[in-house]
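Taking it in order: structure first as structure tokens, then the write-up.
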Amino acid sequence: MVKIAVTGKGGVGKTTLSGTLARLLARDGYEVLAIDADSDMNLASSLGIAEPPRPLTEYKEMIDERAGEVGGMFKYNPKVDDIVDKFGVVGPDGVKMLVMGTVERGGSGCMCPASAFLRALLRHVVLKDSSALIMDMEAGIEHLGRGTTRGIDLMIIVVEPGMRSIETAGRIKELAGGIGVKNLAAVVNKGTSADVKPKLAELGITVLGEIPFSPDLMNADFEGKSPIDAGTDSIAAFVEIKDKMLEMIENFSKDEEN
């Protein structure tokens, strides 16, 4: 079982990476659940799903019933084991998809039934050894303040050539450490890693690979198609990243056992 969160500065291509990795893992035999945890909610098109499910946060009565308590309190561990079957959809290659939706909050995070429900979902929803969870996170770093990424095996930070993207990667690493996410890696999109890799090395972030700029990939995005379905010339780069990602996670597991 692997749990992967994909994050980065807005517009760097994290949703494209999330959807393509999900499809590739499914083709490798994994039972894949892709969760759209981005408030923009664009993961469906990257997966090749025409009709995404309703966001879970729209089911307010269900969340209040499962996560709420009398007197305005909330349960830390609400029932979530049936959520995928009831509220998800199945897309190409058998990838299952859920949309989280937006949690209304103020300050550094919402301590409310909806927030508790979504955290419980991410902790417990994937249980089989042959399962993989891919989570497309919100742009930037705000989501880390809510602890939704606890238990993640690898957090992938998508970066593009430019200091703003690298600075965001640095802030993500700092906050990730604060909530116990130890394993991070980066994917360079829209360019080469020659200039970016040394900067990331200074931050202690390994580069999994790079996705070169591709007009085909851009056209697929404009047309709302999955890169796999559009037959772009970048699929080999995604496959290489997927393979290195799985190798890295396996090495992390061996290190923990030792």
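Give the peptides 53-61, 169-177, 248-256 in descending order of average Cβ contacts within 10 Å, highest first.
Values: 53-61: 15.2, 169-177: 18.0, 248-256: 12.2.
Ranked by mean Cβ neighbours within 10 Å, highest first: 169-177, 53-61, 248-256.
Peptides 87-95, 33-41: what's the order by average Cβ count within 10 Å, highest mean first? Before the final figure, lay out each step's value.
Working: 87-95: 17.8, 33-41: 21.8.
Answer by packing, highest mean first, reads 33-41, 87-95.
If you take the charge dipole of the chain about its Cα centre, with +1 on Lys and Arg Cβ and -1 on Asp and Glu Cβ, which of Met155, Pro215, Met248 is farthest toward its positive end?
It is Met155.
Taking the structure as given and computing Rg/Rh (Cα atoms, Kirkwood Rh), which label from (1) 0.97; (2) 1.00; (3) 0.95 fits?
(3)
Give the order of Ser214, Ser45 when sorted by the count of other beta carbons within 10 angstrom, beginning with the fewest. Spell out each step's value before the answer.
Working: Ser214 16, Ser45 19.
Least to most surrounded, the residues fall as Ser214, Ser45.
Could you work out [θ]222 nm for the chain from helices alone, using -39500 (n - 2.57) per DSSP H run of at least four and dividing by all its residues? Round to the nearest 500 deg cm²/dmol. Write down the numbers at each step before the final one.
On the way: 10 runs with 102 residues, N = 258.
Value at 222 nm, helices only: -11500 deg cm²/dmol.
Ranked highest first by average number of other Cβ atoms within 10 Å, how do 9-21, 179-191 line up? Working shown, then result.
Numbers: 9-21: 23.9, 179-191: 20.1.
Highest to lowest by the protection proxy: 9-21, 179-191.
With a ≥ b ≥ c the root eigenvalues of the C-alpha gyration tensor of region 1-47, is it rounded (a/c under 1.5), prolate (a/b larger than b/c) or oblate?
It is prolate, given that a/c is not under 1.5 and a/b is the larger ratio.
Each value in this text was obtained by applying a stated rule to the coordinates, not by laboratory testing. Note that the structure is predicted; figures quoted are calculated from it, not measured. Positions of Cβ are backbone-derived with ideal geometry, glycine not excepted, and every protein chain shown enters the neighbour counts.
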